Amino acid sequence: MAMASSQCLVNPPILSPTCGAGTVQELAGLKTYVTGPSDSKLAILFLSDGFGYEAPLFRKLADKVAASGFLVVAPDFFYGEPVDVRIPHFDGDAWVKAHDTDKGYEDAKPVIGALKSKGVSAIGAAGFCWGGKVAVKLASTNDIQAAVLLHPTWVTVDDIKEVKIPVAILGAEIDLYCPVEQVKQFAEILSIKSVCRLIPLLKHSLVSRMDGQ
């Protein structure tokens, strides 16, 4: 699985460990951005793109969802090693190998377990780019009740065929890694279990990097 290309790396955010209205807590052994009512029975697991959980607009989106009454948790699945394009000759393929989505999926399961132990009765997942692949893996289980894939990367037809729960796919019109025709194909496979939308003129990865989205 190779790094998806410059589309994934465009307009990199300036990371901030203190941004957002929520707090950073430990959840299932992972540093996690937590926002929203702590006693909510409804939770959303936010799965970031390669820039990780300290991206300001990613956290802003989490805060917006939390304002609707959801407990939103965004773990650091990269263990303090998000994509850093400031590094000279950054090796994206090596980064992906060290932070593959299978590991993200395995790390997500104890987070879900921790939420359930706190009394959460229903959990959704929202996966951006890298996180979209993790979210679709979770959607093949009964661990969560719904999922949203936002400009996902590496999602295959086989992944979609394994989906067991309602899924929404928000695709970018200009996307080399989940192009329009692929989104339409996914929609046909998912049928009544899905809502698929294409965001006009949007490029891959920009949902969580452009203010006002």
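Against the definition (over 14 Å from the mean Cα position of the chain (by Cα), buried (at least 18 other Cβ atoms within 10 Å of the Cβ), within 21 Å of Trp130 (Cβ to Cβ) and not basic (Lys, Arg)), how does Ile87 come out, yes or no?
On the way: over 14 Å from the mean Cα position of the chain (by Cα): yes; buried (at least 18 other Cβ atoms within 10 Å of the Cβ): no; within 21 Å of Trp130 (Cβ to Cβ): yes; not basic (Lys, Arg): yes.
For Ile87, the condition - over 14 Å from the mean Cα position of the chain (by Cα), buried (at least 18 other Cβ atoms within 10 Å of the Cβ), within 21 Å of Trp130 (Cβ to Cβ) and not basic (Lys, Arg) - is not met.
Just name the residue that is modelled with the highest pLDDT out of those in region 61-98 that are among the basic types (Lys, Arg) and over 22 Å from Ile112 (Cα atoms).
Step one: filter region 61-98 for residues among the basic types (Lys, Arg), giving 64, 86, 97.
Going one step further and asking which of them are over 22 Å from Ile112 (Cα atoms), we end up with 86, 97.
Values: Arg86: 88, Lys97: 93.
Residue satisfying both the conditions and the ranking: Lys97.
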* Scan region 89-103 residue by residue and report those that are of a type in the set (Phe, Trp, Tyr) and either in a helix (DSSP H, G or I) or in contact with a His (Cβ under 9 Å, 6 or more places away or on another chain) (or both). => Trp95
* To do: Restrict the check to region 147-157 and report whether at least one residue is modelled with pLDDT of 95 or more, surrounded by 22 or more Cβ atoms within 10 Å (Cβ to Cβ) and part of a helix (DSSP H, G or I).
  => no
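Which of the residues spanning region 104-130 are in a helix (DSSP H, G or I), over 19 Å from Glu54 (Cβ atoms) and open to solvent by 10 Å² or more (accessible area, probe 1.4 Å)? Give the derivation first.
Of the residues in region 104-130, the ones in a helix (DSSP H, G or I) are 104-117, 130.
Subset that is over 19 Å from Glu54 (Cβ atoms): 105-106, 109-110, 112-117.
Passing the criteria: Tyr105, Glu106, Lys109, Pro110, Gly113, Ala114, Lys116, Ser117.
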* Asked: Which residue pairs have Cβ atoms under 7 Å apart, sit 6 or more places apart or on different chains, and have a first residue in region 90-110 that is in contact (Cβ under 8 Å) with a residue 60 or more places away in the chain and a second that is among the aliphatic types (A, V, I, L, M) and open to solvent by 80 Å² or more (accessible area, probe 1.4 Å)?
  -> Val96/Met1; Asp100/Met1
* Asked: Using beta carbons and a limit of 6 Å, which pairs, at least six apart or on different chains, have the first residue in region 185-200 and modelled with pLDDT under 70 and among the small types (Gly, Ala, Ser) and the second one in a strand (DSSP E or B) and surrounded by 17 or more Cβ atoms within 10 Å (Cβ to Cβ)?
  -> Ser194/Val167
* To do: Sort out for me the strands (runs of 3 or more DSSP E) sitting completely within region 1-73 that have 2 or more residues that are β-branched (Val, Ile, Thr).
  => 23-27, 30-35
* To do: Report, ordered by the first and then the second residue, all pairs with beta carbons closer than 9 Å, sequence separation of six or more or different chains, a first member in region 1-20 that is loosely packed, with under 12 Cβ neighbours inside 10 Å and modelled with pLDDT of 85 or more, and a second member that is in a loop (DSSP other than H, G, I, E, B) and not acidic (Asp, Glu).
  => Ile14/Ala55; Ser16/Ala55
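The values are calculated or read from the model by the stated rules, or taken from the named source; none is laboratory data. Worth saying up front: this structure is predicted, and the values here are computed from it rather than measured. With ideal geometry, Cβ positions are generated from the backbone for all residues, glycine too; neighbour counts draw on all protein chains shown. When the accessible area is computed, the model is the full protein with side chains, heavy atoms only, and any ligands, DNA or RNA have been set aside. Shrake-Rupley method; radii C 1.70, N 1.55, O 1.52, S 1.80 Å.
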